Amino acid sequence: ARHPVILRYQALNLWSANGRERLTTRVKSAVQKVCGTRLNYRQSLRERAIAIRCEDSAMADADVKLAGLFNGESARLADRGRIVVAAAP
């Protein structure tokens with residue numbers, strides 16, 4: 001099983017476009033880490049297909065979390081001040 005990545009965002013101003021962009025970039029990087037994406041590495045078609053499915057699933061989950069944060073709904077999230085990026089089981 002892949003371990004989730006926890007990103008802390010307290011230092012980012014999520015009211016600003018720059019802060020949102022920085023968090024989104026960090027999330028995308030975390031998705032690649034969680035899914036074992038290897039840039040500049042020749043993967044087999046099977047390995048790449050698995051990585052793409054993982055990335056799509058993890059990013060869809062993260063997008064829901066980001067939308068909640070960006071819409072000011074962070075109080076509804078269990079882990080205030082951090083976002084957990086994880087691969088689907």
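The values are calculated or read from the model by the stated rules, or taken from the named source; none is laboratory data. Since the structure is predicted, the reported quantities are computational estimates derived from the model, not experimental observations. Glycine gets a Cβ as well: all are built from the backbone with ideal geometry, and neighbour counts include every protein chain shown. The accessibility values were calculated without ligands, DNA or RNA, using every heavy atom of the protein model including side chains. Shrake-Rupley method; radii C 1.70, N 1.55, O 1.52, S 1.80 Å.
For this structure, a couple of remarks:
- Contact order normalised by residue count of the chain, Cα under 8 Å, 6+ apart, percent: 51
- Computed with a 1.4 Å probe on the full set of protein chains, the accessible area for ASP56 sits at about 100 Å².
- Degrees, to the nearest 10: 45-70 long Cα axis against longest axis of the chain: 0
- Crossing angle, helix 17-34 versus the chain [Cα axis fit, 0-90 degrees, rounded to tens]: 30
- Simple point charges give the picture: +1 on the Cβ of Lys and Arg, -1 on the Cβ of Asp and Glu, and for the chain a dipole about the Cα centre of about 300 debye.
- The residues of region 1-68 have, on average, 72 Å² of accessible surface per residue, using a 1.4 Å probe with all protein chains present.
- Counting 0.36 nm for each residue step from ARG38 to THR24 and taking away their Cα separation leaves a gain of 3.1 nm.
- Working note: Karplus 6.51/-1.76/1.60 with θ = phi - 60° gives region 4-9 the couplings x, 10, 9, 10, 9, 10 Hz, where Gly and Pro are set to x.
- Extent along the principal axes, Cα only, for the chain: 41, 25, 17 Å, with the longest axis given first.
- Sequence of THR25, THR37 from largest to smallest accessible area, 1.4 Å probe: THR25, THR37
- Alpha carbon convex hull of region 17-56, projected area averaged over orientations, nm²: 3.1
- Only DSSP H runs of four or more residues enter the estimate; each adds -39500 (n - 2.57), and after division by the residues of the chain the mean residue ellipticity at 222 nm equals -17000 deg cm²/dmol.
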